[in-house]
Each structure stands twice: as C-alpha cells, then as structure tokens.
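Engineer: The following block contains the structure, expressed as structure tokens.
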Amino acid sequence: RAANGGDWPPAHIAHYNYDDQQQQQQQQAQQNHHHHALVDMNLDEDPMLGDVRSAEEQSLLSGDIEPAEQYKAKHRQSVANAHAYGNASPFNHRRDRGNNAPKQQQHASILMQQASGMKAAFRDKLSSQTRHQMDKYEAPSFESNLGLTAWCIAFFYWIPIRYMAFVGCLALFILPFLDVRFQRGITFVEWLLYWYIQLFSIVGIFVESPTWILTRRVQLTIYKWCRVLRRTWGRALFYISVSLLTFAELENGTMMTLSMFAGVYMGGLALIMLMFSALAAKQYRLLYWYMASGGNINGKDLKLVGDEYGDRNANVQQIEYDKLVSRVASYFDELDHDRDGKIGAGEVHSFAEQALKRSLSNAERYTIQTFLDNSCNGYISKQDWIKQFCDYGKVKFL
C-alpha cells in the first residue's frame with residue numbers, strides 16, 4: 001500500500017458481494033422446499049384419485065403372487081451367511097431346527113425304504129439261487145408203511161452227498177481242536193498235521209456249500225487253483241487223501257483219536273461219491289444221446305448228430321457241429337419256461353423224466369448239474385449247457 005501509493009484494495013481486484021449471494025441462497029432453498037413438497041405428496045390417500053396402486057403391488061401385499069426364486073435363494077443364502085458368521089440369534093437357530101425336522105424325517109424315511117428294498121432284493125436273490133439247487137426227494141421215514149425194498153429205493157433217491165460231505169468237512173475242522181485239548185504230549189509235527197487237516201476241511205466246506213452270492217467268489221478261487229475239485233470224482237479222491245491223514249497219529253502209539261471218526265466217515269462217503277459219479281455219467285450220456293438223435297433214445301444203431309467229428313473233411317465236421325449246437329440249444333430253450341436263461345434242479349429233473357423215462361436221484365441230479373454248471377453260477381446257463389454237452393458228451397465219470 002505504501003509502495004503503490006494508492007487505495008486498498010486495488011481497482012483491478014473484483015469485489016465479492018456477500019449480501020447478494022446470501023439472498024440467492026435463500027431463494028434457491030425456497031424453490032427446493034416447494035419441489036420436495038410436490039414429490040412427497042401421497043397420491044394413494046387422495047380421496048379424489050382413489051387407490052392408484054398397481055395390481056402387482058396389491059398382489060404382493062396380499063400374498064397372491066410368489067416372489068421370484070432368485071429372491072428366495074438370496075434370502076436363504078443371507079440366512080445361511082448369518083448363521084455362518086454367528087449373527088443369527090438363538091431363537092433363529094431354534095426356528096431353523098424346527099423347520100429342518102420334517103426334511104430330516106423325510107430323508108430318514110427314504111433311507112429306510114432304500115435299505116428295505118436292498119434287503120428284499122438280496123433275499124429274493126438268495127431264494128432264487130436256493131431254488132435252483134434244491135433237492136427233490138426227502139428222507140424216508142422209519143415209521144412209514146413202505147416195505148424194505150421200497151424203503152431202500154427211497155433212501156437211494158434221497159442220499160444228499162453234498163450235505164453229507166459238508167457235515168464231514170465240518171467235523172474234520174472241529175474234532176482236531178478236541179484232540180489237541182485232551183491229547184497229551186503233542187509234538188510240533190502233530191500240530192502241523194492237525195493244521196493241514198483243518199485247512200483242507202475249510203476248502204471242503206466252501207466247495208460243498210451251495211453256490212450263493214456269499215460263497216461264489218471263494219469257490220471260483222479254489223477251482224482256479226485246483227480244477228479237479230469241480231468234479232465229483234475229484235472231490236472223492238481229495239476226501240480219501242484227507243481221511244488218510246487222520247490215521248497218521250497211530251504211529252506214535254495212539255490207539256484212536258476223534259479225528260479218525262471223521263476220517264472213516266469221509267472215506268466211506270468218498271466211495272459213495274465215486275459210485276454216483278459213474279451212475280450220473282451214464283445218465284448224462286443218455287441225455288446227450290437223446291438230444292443228438294432228435295429224441296430217439298431207443299435207436300442204438302442210429303447215427304448221431306456230431307459223430308462226423310472224425311471225418312477228415314473239415315467242412316462236414318463244422319456243419320455237423322453246428323447242427324449239434326442248434327439241436328442242444330433248442331432243448332435248452334424248451335426247458336427254460338420263464339425265459340430267464342437259467343436252468344435249475346427242477347428243469348434237470350423234468351428233462352430226465354422226459355428223456356430217460358425215469359427220475360434222477362438227488363445225488364445224480366447234483367452230480368450232473370455240477371458238471372453242467374461250468375461257470376459256477378448256481379444254475380446252468382445256455383452257454384454252459386451247449387459247451388458241456390457238445391464238447392463232453394461221452395464222459396465216463398462226472
């Protein structure tokens with residue numbers, strides 16, 4: 001100021017009019033207040049206009065229209081997030097547990113139904129497998145009025161070699177424990193001998209058990225490593241060998257052991273199994289003759305389909321083999337009444353009565369069916385039926 005020598009402020013600096021600016025702000029505030037008043041008017045309560053809310057708003061308020069699913073999902077997610085972060089109150093937790101109780105009951109009911117269905121399916125499968133392997137004849141009663149000859153014939157038809165062998169193997173497993181318990185001065189070699197007997201008895205128990213879903217895997221493993229046990233004559237030789245082991249204790253001066261009783265029983269049963277193996281093989285060859293001859297079992301001089309296997313002409317041999325396969329398969333289809341691809345004990349008995357004009361005993365039926373069931377299914381499949389009859393039609397032992 002002293003330097004310029006003039007008045008302050010300088011003329012080139014614009015003066016700010018505070019009074020005019022304050023009046024302008026007051027006017028702007030009045031205009032804004034008037035505008036908000038117009039916007040905040042409640043048209044819904046105007047008696048002249050009536051209720052002008054849209055139909056959608058009225059429906060949402062009354063509950064006639066459900067909100068969109070996306071909004072419901074967001075609501076459930078927000079509740080879940082609230083529970084996750086611990087923001088929900090204990091009352092909300094209690095309410096959620098009450099709402100989930102019906103869902104938990106429904107889920108438990110579904111699990112119970114599934115478990116019941118699996119149990120019923122398992123029971124039906126076992127029943128079907130048992131039906132395919134069931135014996136036909138029951139044990140004759142001593143109080144019956146049958147004569148001695150008729151009673152012996154009934155006993156012959158009843159003999160269940162499979163169950164008798166199962167009981168013998170079970171005795172071979174249990175009795176060595178009693179011998180070890182009551183016999184004194186047992187050496188390590190004697191212990192080892194008893195272990196071998198029990199091990200072989202376990203193999204026999206599984207072999208003689210019915211082919212079920214619970215035993216089939218073990219049976220297939222045994223037959224893989226010892227195929228001879230698949231045949232009745234093979235098991236008979238196996239039981240003779242095991243029975244001889246029970247007499248090894250006589251070398252040390254022992255007069256008798258409990259295992260020897262089981263050994264004598266299994267030795268005698270093995271001879272019976274060899275007898276039925278030969279008898280069943282004879283009936284099996286007659287069944288093959290019946291199918292290969294087209295039902296003419298009495299025509300002994302008739303040339304069978306398949307006899308041309310020895311012909312040097314390969315074409316003739318293949319043609320005759322195809323004819324034999326077709327004929328054997330046709331008999332399977334005739335016996336398979338329910339068309340499930342399975343033939344069991346009942347169908348084998350029926351086919352034998354048709355072809356042989358006689359009934360098969362329980363042991364003969366079991367021996368033939370075991371031979372035909374090459375896949376160890378518990379029943380005879382069409383593939384096994386064709387393979388066994390066409391490739392092994394003239395066996396001497398089964």
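Engineer: Rounding to the nearest 20 debye, state how big the charge dipole of the stretch 156-229 is about its Cα centre with +1 on each Lys and Arg Cβ and -1 on each Asp and Glu Cβ.
Structural biologist: Values: 7 positive and 3 negative charges, 56 e Å.
It works out to roughly 260 debye.
Engineer: For the stretch 203-285, restrict the atom set to alpha-carbon positions and state the Rg and Dmax in Å.
Structural biologist: Computed over the Cα atoms of the stretch 203-285, radius of gyration and Dmax are 15.2, 49 Å.
Engineer: Given a Förster radius of 22 Å and the C-beta distance between residue 396 and residue 271 as r, what FRET efficiency does 1/(1 + (r/R0)^6) yield to the nearest 0.05? Before the final figure, lay out each step's value.
Structural biologist: Details: r = 17 Å, r/R0 = 0.78.
About 0.80, to the nearest 0.05.
Engineer: Carbon-plus-sulfur fraction of the accessible area of the stretch 146-229, 1.4 Å probe, in percent? Spell out each step's value before the answer.
Structural biologist: Details: 3930 of 5150 Å².
Carbon-and-sulfur percentage of accessible area, whole number: 76.
Engineer: Taking the simple approach of a point 7 Å from Cα along Cα-to-Cβ for both residue 212 and residue 225, what is their distance in nm?
Structural biologist: Here the modelled spin labels are 2.4 nm apart.
Engineer: Let me ask something additional. Work out how much length residue 148 to residue 177 would gain on full extension: take 0.36 nm times their residue separation and subtract the Cα-Cα distance, in nm to one decimal.
Structural biologist: Numbers: separation 29, 0.36 × 29 = 10.44 nm, distance 4.04 nm.
Separation in residues times 0.36 nm, less the Cα-Cα distance, equals 6.4 nm.
Engineer: Can I ask one more? Can you give me the orientation-averaged projected area of the convex hull built on the Cα atoms of the stretch 177-237, in nm²?
Structural biologist: Details: hull surface 21.5 nm².
The orientation-averaged projected area of the Cα hull of the stretch 177-237 comes to 5.4 nm².
Engineer: Also, quick follow-up: Return a whole-number percent for the relative contact order of the stretch 341-391, with Cα pairs under 8 Å and 6 or more residues apart as the contact set.
Structural biologist: 38
Engineer: Provide the gained length on full extension for the span residue 136 to residue 244, in nm with one decimal, where the gain is 0.36 nm per separating residue minus the Cα-Cα distance. Before the final figure, lay out each step's value.
Structural biologist: Numbers: separation 108, 0.36 × 108 = 38.88 nm, distance 3.32 nm.
Value of the extension gain: 35.6 nm.
The values are calculated or read from the model by the stated rules, or taken from the named source; none is laboratory data. Predicted, not measured: the structure shown is a model, and the values here were computed from it. All Cβ positions, glycine included, derive from the backbone under ideal geometry; neighbour counts span all protein chains shown. Protein only, heavy atoms only, side chains kept; ligands, DNA and RNA dropped before computing areas. Shrake-Rupley method; radii C 1.70, N 1.55, O 1.52, S 1.80 Å.
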